[in-house]
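Visitor: Here you go, one structure.
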Amino acid sequence: MKYATAFFVGLVSVGLVGCGGGEPKLVRVTGTITLNGKPYGGALVEFMPDASNREGTLGADTTGPEGNYMAHTAAGRAGLTPGKYQVRVSKAPASVATAGDEPPTPKNDAGQLLAESTAAPKAKKKADPTEGASGAFPAEVPSGGGVLDFDVKAKAAN
């Protein structure tokens with residue numbers, strides 16, 4: 001009985017050691033997104049692996065006010081696998097969220113927000129310079145990670 005228990009514990013230990021290496025190695029990828037040379041805050045940066053990048057991981061982040069990002073996998077892990085990617089930059093979609101457990105009010109009621117968003121459009125105050133500003137770029141993530149900056153070119157408003 002004693003030997004059977006020791007054998008079983010040993011077998012399980014060897015099995016667990018073998019299970020740890022299944023995920024690909026990720027490297028840190030950061031950068032700055034600009035729009036016509038100026039920081040592009042609130043932009044969605046998406047990394048899609050090239051067909052030649054067999055271990056490539058999908059990654060994304062939303063830029064901060066200064067246009068900075070740090071790529072994360074879809075599982076939330078920081079970094080990407082090295083290799084070639086197609087990078088897509090676009091204005092991040094606004095999300096409709098309600099405030100915690102507060103009772104619905106005109107400001108946080110999802111139904112009210114949905115009704116307002118589908119109502120006839122109101123006159124625009126001022127054109128959003130980031131509206132429709134997007135770009136696609138080829139990129140290579142080096143084996144040691146790195147900084148990848150991209151400048152989106154938007155058409156000037158008429």
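The values are calculated or read from the model by the stated rules, or taken from the named source; none is laboratory data. Quick caveat: nothing in here was measured; it's all calculated off a predicted structure. Positions of Cβ are backbone-derived with ideal geometry, glycine not excepted, and every protein chain shown enters the neighbour counts.
Visitor: Being over 13 Å from Ala71 (Cα atoms), surrounded by fewer than 15 Cβ atoms within 10 Å (Cβ to Cβ) and in contact (Cβ under 8 Å) with a residue 60 or more places away in the chain is the filter here; which residues of segment 20-49 pass it?
Guide: Answer for segment 20-49, where residues must be over 13 Å from Ala71 (Cα atoms), surrounded by fewer than 15 Cβ atoms within 10 Å (Cβ to Cβ) and in contact (Cβ under 8 Å) with a residue 60 or more places away in the chain: Asn36, Gly37.
Visitor: Which of the residues that make up segment 55-80 are surrounded by 15 or more Cβ atoms within 10 Å (Cβ to Cβ) and in contact (Cβ under 8 Å) with a residue 40 or more places away in the chain?
Guide: Listed by number, the residues that qualify are Met70, Ala71, Thr73, Ala78, Gly79, Leu80.
Visitor: Check off (1) modelled with pLDDT of 85 or more; (2) farther than 16 Å from Ala139 by Cα; (3) surrounded by fewer than 11 Cβ atoms within 10 Å (Cβ to Cβ) for Ser52 and give me the number that stays unchecked.
Guide: For Ser52, the exception is condition (2).
Visitor: Here is a further query. Is it fair to say Thr30 is in contact with a Leu (Cβ under 8 Å, 6 or more places away or on another chain) and at pLDDT 95 or above? Talk me through it step by step, then tell me what you get.
Guide: Values: in contact with a Leu (Cβ under 8 Å, 6 or more places away or on another chain): yes; at pLDDT 95 or above: yes.
Spelling it out, Thr30 is indeed in contact with a Leu (Cβ under 8 Å, 6 or more places away or on another chain) and at pLDDT 95 or above.
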